[in-house]
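Worksheet: the structure to be examined is printed underneath.
The values are calculated or read from the model by the stated rules, or taken from the named source; none is laboratory data. Fair warning: this is a prediction, and the values are worked out from it, not measured in the lab. Methodologically, a virtual Cβ is constructed for each residue, glycine included, from the backbone with ideal geometry; neighbour enumeration extends over all protein chains shown. Calculation scope for accessible area: heavy atoms of the full protein, side chains included, ligands and nucleic acids excluded. Shrake-Rupley method; radii C 1.70, N 1.55, O 1.52, S 1.80 Å.
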Amino acid sequence: MEIARLPLVIAFLVWSVSSFSQSSDEALVRKLEEQERQAILKKDTVQLAHLMSKKIVVQNPENAIVGFQQIIGRSKSGKINYSFFERQIDKITFVNGIAVVMGLETLIPQGTSQNAGKTVQRRFTNVWTKERGGWKLTARQATIVAIN
């Protein structure tokens, strides 16, 4: 191999490893998003507690800022309670070890949840950070865009 091509080969290898790492991180974050969606749908607070940072902050669709204990409490009390919950991820971006996930959620609240029985669409942003070697949901914002 010519010495002049060595920097080009090294640059390609670094880019390949970086691309593979981001690709595998994206697949993992997509999997975690699905686990979090399923945990909400099943009201599985043990799984939610595992997926969320204890320092999570959420701007919820009721225009309230809540933390870990409030989220778990709202799930246990039935305030977060859906008969249907689907999430469409539009974009995942990685910046400085943070995964930012944006998309559309469609859900049908039930019981004592706000808008029970109606189909609700909302735009969401989830922020995942690495804690103790694993990704944790650290921040979330959801805004209702349609109620039918």
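In this structure, Asn148 does not qualify as touching a Pro at 6+ places or on another chain (Cβ under 7 Å) and either without any contact (Cβ under 8 Å) to a residue 12 or more places away in the chain or more than 19 Å from Asp25 (Cβ to Cβ) (or both). Contact map, the range 77-100: residues that are touching a residue at least 40 places away in the same chain (Cβ under 8 Å) and closer than 22 Å to Lys130 by Cβ paired with residues that are basic (Lys, Arg) and outside any strand (DSSP E or B), Cβ distance under 7 Å, separation 6+ or inter-chain. Pairs shown: Arg87/Arg37; Ile89/Arg30.
In the set (1) in a helix (DSSP H, G or I); (2) in contact with a Phe, Trp or Tyr (Cβ under 9 Å, 6 or more places away or on another chain); (3) in contact (Cβ under 8 Å) with a residue 60 or more places away in the chain, the condition left unmet by Arg30 is number (2). Checking each residue in the range 89-115 for being farther than 17 Å from Val57 by Cα, open to solvent by 60 Å² or more (accessible area, probe 1.4 Å) and in a strand (DSSP E or B) picks out Asp90, Lys91, Val95. When Lys118 is tested against (1) more than 16 Å from the chain's Cα centre (by Cα); (2) open to solvent by less than 80 Å² (accessible area, probe 1.4 Å), exactly one condition is not met: (2).
How many residues does the range 38-59 hold that are assigned to a helix (DSSP H, G or I) and either touching a residue at least 24 places away in the same chain (Cβ under 8 Å) or open to solvent by less than 30 Å² (accessible area, probe 1.4 Å) (or both)? Adding up the residues that qualify gives 7. Restricting the range 60-85 to residues that are outside any helix (DSSP H, G or I) and small (Gly, Ala, Ser), the residue that is farthest from Ile108 (Cα to Cα) is Gly67. In the range 120-143, the residues that are part of a strand (DSSP E or B) and polar (S, T, N, Q) form Cβ pairs under 7 Å with partners that are surrounded by 16 or more Cβ atoms within 10 Å (Cβ to Cβ) and at pLDDT below 95, at six or more places apart or across chains, as follows: Thr143/Pro61.
Collect the residues in the range 115-140 that are at pLDDT below 95 and at positive phi, keeping them in residue-number order. Arg132, Gly133, listed by residue number.
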